[in-house]
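Trainee: Shown below is the structure under consideration.
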Amino acid sequence: MQNIEIAWIFTELADLLEIKGEDFFKVRAYRRAAQVLANLEQPVDELYRRRLLSKIPGVGKAIEGKIKEILETGQMAKHQELLKEIPPGVLAIKQLPGIGPNRARVLFEELGISNLDQLEQAVKERRVRALKGFSSKLEWDILNGIEMVRNRQGRTRLSVALELAEDIIKFIKLLPGVQEMSVAGSTRRWRETVGDLDLVAAAADTEPLLTALASHPRVKEVIEQQSNRIRVYTWWGLSVDLQVVSPEEYIPTLHRGTGSKAHYTKLQEIAQNRGFKLNHHGLFDPAGESLPIQQEEDIYKALQMEYIPPELREDRGEVEAALSNSLPSIIQLEDIQGDLHIHTTWSDSVMELEDVVKRCLEKGYAYAAITDHSRSLKIANGLEPDRLQQQHRIIREMNKKLKDFTLLTGVEMDILPNGDLDYPDEILEQMDVVIASVHSGFKQGRKEMTARITRAMENEHVDIIAHMTGRILGRRESYDLDVEALIETAAKTGTILEINASPDRLDINEVYARMARDAGVKISINTDAHDARRLDEMPYGVAVARRAWLEPRDVVNTFDIESLLEVLR
DNA sequence: GCCGTTTTCGGCCCGACTGTTTTCAGTCG
């Protein structure tokens, strides 16, 4: 059982109890425990074996007992019991914007609604508005919410897909005779969400691999099976397709399986125009002879073009660029010199300043910026000016003792609903990095919201706009705003735009990031981490930048500290 | 539920926004 799966059970338990009207603090305790478990560095069952469960913060006697129960029996009785009482569809209803535990309960108890289809039907029959606590406006929100859920149906966040892929690959590779195995498809191209998981393996004997996947603990059912491939549905709600081929066909199959379809089709056309033939068996010359393919690079080389990394294979001009030798030298994770958006215990994170330094040093960073929340964000323990300045004094002291590493002072400052900033200029001018971002009034109109962020950009002390569109993948649409106009303003004011690397956000996205680069706007790729493990999410942000064709020079946190400070000044 | 140089009960992030709005409960971040 993986940490994340145990965490899911506790999250669902919290949701179920909340719908039942259980005590707020008890619910929060479960939710907090789930959060901690999901972000734990070590596997929970290892901590269990070493009798260290009670050492986990937020885990007391009761939760420790429930974790043991899950590890020993594979499930939690209380969770199962509640699921019998409250159908899972009610949980999906609770996820809709505007619907919380209370309204979900009312819908279930008063109208017997236990899934989205029934809810949609009831709204159309105008039965929902009559309920206490509902309105016709809310009915409209509900329909929009259902629409949003349906649109994303079957899409899974990249981080979940990658975690599952890693788990399955590790499992299959234990078998003798497995020579190669890799993830393919949109997961390998690092798309922000994926429809299903494609895996390719090379082995002489296919059968054992197919059988192994069918019996993998994450697998719920086998959807279909052929001689060399199997398609299964997992408990994680993601289907997995495994194709097993001979070692000779591995690279051509992986290459085709990686796609995208449009990219691959274009390559086939180019091959054809040269009298070659490209398919999953290999690349064949005009005489029908198979060309030696050791790695994907060989395919592109044979077609007389530059190698195109998976992230670029979207048919967005990369084939033409590769043919004319003009592909950009896109950014790599190793180019990243530091992280400019990090929270600590001074606001709402669990990391101490020392934890940040330690982790960043381990990552080989040259610098990091501490950017806690500003005073208006009360729920996150936002800092009043005196506490902020006290923190900055401590950071400056710490800096004196640090070698080859710079801890930068900063803040993630709220842009208030009226466009005002949360601190006056006298305070802002004293720190190294000023990030500005929106955390309230999400429902403002396009004009208002655009003007609001524009005003922040126009302040000379604001360096970076964080998670500018505010979307949360699968949960919240972006605010209504004119991104093109904002990019134009950022170019004029020299404001840096963030690619928020959190796999839940990836904001701004690859399309806007490319637009920003074209407009001459600099980018900063930041994790926005609230705990040490999430400082490791940088690769997701780098992937967005790669898919946006960004080069190191476009991204300020690839600069050395002197150049960075210059840009920030 | 968890937590505790306030050790076994009493705290535990808070405030804004919304509404066939009217005086507050529900939702959200």
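The values are calculated or read from the model by the stated rules, or taken from the named source; none is laboratory data. On a predicted model such as this, the values are computed, not experimentally measured, just so you know. Cβ atoms come from the backbone with ideal geometry, glycine included; neighbour counts cover every protein chain shown.
Trainee: Would you check which residues across the stretch A:479-507 are among the hydroxyl-bearing types (S, T, Y) and either in a strand (DSSP E or B) or surrounded by fewer than 18 Cβ atoms within 10 Å (Cβ to Cβ) (or both) and list them?
Mentor: Hit for the stretch A:479-507 is A:T493, nothing else.
Trainee: Another question, if that's okay. Of all residues in the stretch A:79-90, count the ones that are over 27 Å from the mean Cα position of the chain (by Cα) and in a helix (DSSP H, G or I).
Mentor: Selection size over the stretch A:79-90: 7.
Trainee: Still on this model: Residue under question is A:V44, and the condition is that it be more than 10 Å from DNA strand B (Cβ to nearest atom) and touching a residue at least 60 places away in the same chain (Cβ under 8 Å); does it hold?
Mentor: Criteria not met by A:V44.
Trainee: Let me confirm something: among A:L416, A:L473, A:L421, which residue is buried (at least 19 other Cβ atoms within 10 Å of the Cβ), assigned by TED's automatic domain parsing to the domain that holds A:H530, of a type outside the set (F, W, Y) and more than 24 Å from the chain's Cα centre (by Cα)?
Mentor: A:L421
Trainee: Search the stretch A:104-113 for residues being surrounded by fewer than 17 Cβ atoms within 10 Å (Cβ to Cβ) and within 13 Å of DNA strand B (Cβ to nearest atom), and hand back the single one that is farthest from A:V90 (Cα to Cα).
Mentor: Applying the filter and picking the extreme gives A:E110.
Trainee: Could you check the stretch A:253-276 and list, in sequence order, the residues that are within 15 Å of A:G185 (Cβ to Cβ) and part of a helix (DSSP H, G or I)?
Mentor: A:T253, A:L254, A:H255, A:R256, A:G257, A:T258, A:K261, A:A262, A:H263, A:Y264, listed by residue number.
Trainee: What about A:E18, is it over 19 Å from the mean Cα position of the chain (by Cα) and outside the structural domain of A:V160 (by TED's automatic domain parsing)?
Mentor: yes
Trainee: If A:W236 satisfies every condition in (1) surrounded by 19 or more Cβ atoms within 10 Å (Cβ to Cβ); (2) at pLDDT 95 or above; (3) touching a helix residue (DSSP H, G or I) at 6+ places or on another chain (Cβ under 7 Å) but one, which is the exception?
Mentor: With (1) surrounded by 19 or more Cβ atoms within 10 Å (Cβ to Cβ); (2) at pLDDT 95 or above; (3) touching a helix residue (DSSP H, G or I) at 6+ places or on another chain (Cβ under 7 Å) applied to A:W236, the lone miss is (2).
Trainee: Please work out which one of (1) away from DNA strand B (no atom under 16 Å from the Cβ); (2) part of a loop (DSSP other than H, G, I, E, B); (3) touching a Ser or Thr at 6+ places or on another chain (Cβ under 6 Å); (4) not hydroxyl-bearing (S, T, Y) is the condition A:G470 fails and give its number.
Mentor: So the condition that A:G470 fails would be (1).
Trainee: Grab the helices (runs of 4 or more DSSP H) fully contained in the stretch A:22-78, keeping just those with 1 or more residues being under 13 Å from A:A7 (Cβ atoms) and in the same structural domain as A:D167 (by TED's automatic domain parsing).
Mentor: Passing ranges: none, list empty.
Trainee: Give A:G282, A:G237, A:G257 a once-over and let me know the one that is over 30 Å from A:T156 (Cα atoms) and small (G, A, S).
Mentor: Only one candidate passes the filter, namely A:G282.
Trainee: Something else now. Given the structure, is A:E64 acidic (D, E), surrounded by fewer than 21 Cβ atoms within 10 Å (Cβ to Cβ), farther than 28 Å from A:P87 by Cα and at pLDDT 95 or above?
Mentor: Against the criterion (acidic (D, E), surrounded by fewer than 21 Cβ atoms within 10 Å (Cβ to Cβ), farther than 28 Å from A:P87 by Cα and at pLDDT 95 or above), A:E64 does not qualify.
Trainee: Here is a further query. Would you confirm whether any residue within the stretch A:501-513 is farther than 30 Å from A:Q42 by Cα, modelled with pLDDT of 95 or more and out of contact with any strand residue (DSSP E or B) (no Cβ under 9 Å at 6 or more places or on another chain)?
Mentor: Yes: one or more hits.
Trainee: Additional query: Going by what's in this entry, would A:L17 be described as within 14 Å of DNA strand B (Cβ to nearest atom), in contact (Cβ under 8 Å) with a residue 12 or more places away in the chain, crowded, with 19+ Cβ neighbours inside 10 Å and among the hydrophobic types (A, V, I, L, M, F, W, C)?
Mentor: Yes, satisfied.
Trainee: Can you pull out the residues in the stretch A:114-144 that are more than 13 Å from DNA strand B (Cβ to nearest atom), part of a loop (DSSP other than H, G, I, E, B) and either under 34 Å from the mean Cα position of the chain (by Cα) or surrounded by 16 or more Cβ atoms within 10 Å (Cβ to Cβ) (or both)?
Mentor: Hits for the stretch A:114-144 are A:S114, A:N115.
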